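Enquirer: One structure follows; several queries about it will come next.
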């Protein structure tokens with residue numbers, strides 16, 4: 001499995017943007033970049049995914065490097081409800097499982 | 001829609017006891033999954049069912065069995081619980097395999 005590397009933790013102030021980096025230097029051509037988050041005592045929740053182009057949805061934006069070896073999840077205006085563990089996952093087109101690493105714990109200060 | 005529901009929410013077992021964790025989804029999804037999450041770690045896939053009538057092993061299947069009862073329901077059975085199976089268990093579903101997965105709220109299991 002291709003692996004991802006994320007910082008253990010990040011802090012942000014409420015209403016400010018949060019940029020969460022993810023390195024995936026061994027990504028293959030069939031790997032999609034997925035982001036999930038897990039709020040305290042809840043199951044993971046899908047955030048966004050992409051293959052090559054940058055993606056936007058109501059929750060976040062995903063910026064993918066041209067060589068696809070890294071990506072950044074952008075939360076445009078952090079709220080207290082965004083405090084969670086964020087997982088960057090490579091999801092291969094021929095693999096059913098999602099391989100969750102340790103993720104990045106995001107803390108949002110009021 | 002309730003999404004993915006799991007029962008029970010919390011369970012305490014003694015070593016050697018058996019139990020079945022229930023999962024149901026009302027989104028008409030074809031694929032369903034069971035994961036476990038140990039403290040401070042990410043989720044690991046136990047078993048999955050790509051479609052009704054099929055099941056396959058994931059990363060950590062030992063000590064577990066599954067049944068895809070119908071399209072809606074996917075149960076996980078511990079035949080003889082061990083303390084190493086103390087964990088939080090999450091069920092998930094997706095329209096088809098390889099697509100976005102939707103997770104239930106989890107079952108917290110403590111094996112003494």
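The values are calculated or read from the model by the stated rules, or taken from the named source; none is laboratory data. Nothing here was measured: the structure is a model prediction, and the numbers come from that model. Cβ coordinates were reconstructed from backbone atoms using ideal geometry, including for glycine residues, and neighbour counts include every protein chain displayed.
Enquirer: Test residue A:74 against the stated conditions and say whether it is touching a residue at least 12 places away in the same chain (Cβ under 8 Å), outside any loop (DSSP other than H, G, I, E, B) and over 29 Å from residue B:5 (Cα atoms).
Expert: On the way: touching a residue at least 12 places away in the same chain (Cβ under 8 Å): yes; outside any loop (DSSP other than H, G, I, E, B): yes; over 29 Å from residue B:5 (Cα atoms): yes.
Here the answer is yes, as residue A:74 does meet what is asked.
Enquirer: Okay, moving on. Being crowded, with 17+ Cβ neighbours inside 10 Å and closer than 30 Å to residue B:57 by Cβ narrows it down to one of A:20, A:90, A:62, so name that one. Give the steps one after another, and end with the answer.
Expert: On the way: A:20 fails: closer than 30 Å to residue B:57 by Cβ; A:62 fails: closer than 30 Å to residue B:57 by Cβ.
Being crowded, with 17+ Cβ neighbours inside 10 Å and closer than 30 Å to residue B:57 by Cβ holds for just one of A:20, A:90, A:62, which is A:90.
Enquirer: Please find, among B:22, B:37, B:6, the residue that is surrounded by 15 or more Cβ atoms within 10 Å (Cβ to Cβ), more than 9 Å from every other protein chain (Cβ to nearest Cβ) and within 13 Å of the chain's Cα centre (by Cα). Can you show your working first?
Expert: Working: B:37 fails: more than 9 Å from every other protein chain (Cβ to nearest Cβ); B:6 fails: more than 9 Å from every other protein chain (Cβ to nearest Cβ).
So the residue among B:22, B:37, B:6 that is surrounded by 15 or more Cβ atoms within 10 Å (Cβ to Cβ), more than 9 Å from every other protein chain (Cβ to nearest Cβ) and within 13 Å of the chain's Cα centre (by Cα) is B:22.
Enquirer: Considering only residues that are touching a residue at least 40 places away in the same chain (Cβ under 8 Å) and outside any loop (DSSP other than H, G, I, E, B), look in the range B:33-45 and name the one that is farthest from residue B:77 (Cα to Cα). Please lay out each step first, then the result.
Expert: Filtering the range B:33-45 down to residues touching a residue at least 40 places away in the same chain (Cβ under 8 Å) leaves B:33-38, B:43.
Those still in the list that are outside any loop (DSSP other than H, G, I, E, B) too: B:33-37, B:43.
Details: B:33: 13, B:34: 11, B:35: 13, B:36: 13, B:37: 16, B:43: 18 Å.
Top of the filtered list is B:43.
Enquirer: Has the range A:78-98 got at least one residue that is in contact (Cβ under 8 Å) with a residue 60 or more places away in the chain, in a strand (DSSP E or B) and under 18 Å from residue A:14 (Cβ atoms)?
Expert: The answer is yes; a qualifying residue exists.
Enquirer: Follow-up. So which residues in the range A:9-37 are part of a loop (DSSP other than H, G, I, E, B) and either modelled with pLDDT of 95 or more or more than 11 Å from chain B (Cβ to nearest Cβ) (or both)?
Expert: The initial filter retains those residues of the range A:9-37 that are part of a loop (DSSP other than H, G, I, E, B), namely A:14-17, A:24-30.
Correct list: A:14, A:15, A:16, A:17, A:24, A:25, A:26, A:27, A:28, A:29.
Enquirer: In this structure, does residue B:63 turn out to be farther than 22 Å from residue A:39 by Cβ, loosely packed, with under 15 Cβ neighbours inside 10 Å and in contact with a helix residue (DSSP H, G or I) (Cβ under 8 Å, 6 or more places away or on another chain)?
Expert: Working: farther than 22 Å from residue A:39 by Cβ: yes; loosely packed, with under 15 Cβ neighbours inside 10 Å: yes; in contact with a helix residue (DSSP H, G or I) (Cβ under 8 Å, 6 or more places away or on another chain): yes.
When the stated conditions are applied, residue B:63 passes them.
Enquirer: Given the conditions (1) more than 9 Å from chain B (Cβ to nearest Cβ); (2) under 23 Å from residue B:37 (Cβ atoms); (3) surrounded by 16 or more Cβ atoms within 10 Å (Cβ to Cβ), and given that residue A:71 satisfies all but one, which numbered condition is not satisfied?
Expert: All conditions are met except number (2).
Enquirer: Next question, about the same structure. Please determine whether any residue of the range B:40-50 is surrounded by 14 or more Cβ atoms within 10 Å (Cβ to Cβ), within 14 Å of chain A (Cβ to nearest Cβ) and more than 13 Å from the chain's Cα centre (by Cα). Let's see the steps before the verdict.
Expert: Taking the range B:40-50 first, the residues surrounded by 14 or more Cβ atoms within 10 Å (Cβ to Cβ) are B:42-50.
Right, trim to within 14 Å of chain A (Cβ to nearest Cβ) and you get B:42-50.
Add one more test, that the residue is more than 13 Å from the chain's Cα centre (by Cα), and what stays is B:42, B:50.
Scanning the range B:40-50 turns up at least one residue that is surrounded by 14 or more Cβ atoms within 10 Å (Cβ to Cβ), within 14 Å of chain A (Cβ to nearest Cβ) and more than 13 Å from the chain's Cα centre (by Cα).
Enquirer: Tell me, please, whether a residue that is under 10 Å from the mean Cα position of the chain (by Cα), farther than 30 Å from residue B:54 by Cβ, more than 14 Å from every other protein chain (Cβ to nearest Cβ) and part of a strand (DSSP E or B) can be found in the range A:38-57. Break it down into steps so the answer makes sense when it comes.
Expert: Quick first cut of the range A:38-57, residues under 10 Å from the mean Cα position of the chain (by Cα) only: A:46-49.
Checking which are farther than 30 Å from residue B:54 by Cβ leaves us with none.
There is no residue in the range A:38-57 that is under 10 Å from the mean Cα position of the chain (by Cα), farther than 30 Å from residue B:54 by Cβ, more than 14 Å from every other protein chain (Cβ to nearest Cβ) and part of a strand (DSSP E or B).
Enquirer: Still on this model: What do you reckon, is residue A:102 away from chain B (no Cβ under 14 Å), part of a loop (DSSP other than H, G, I, E, B), touching a strand residue (DSSP E or B) at 6+ places or on another chain (Cβ under 9 Å) and within 24 Å of residue B:103 (Cα to Cα)? Even if it seems obvious, please write down each step before you answer.
Expert: On the way: away from chain B (no Cβ under 14 Å): no; part of a loop (DSSP other than H, G, I, E, B): yes; touching a strand residue (DSSP E or B) at 6+ places or on another chain (Cβ under 9 Å): yes; within 24 Å of residue B:103 (Cα to Cα): yes.
Here the answer is no, as residue A:102 does not meet what is asked.
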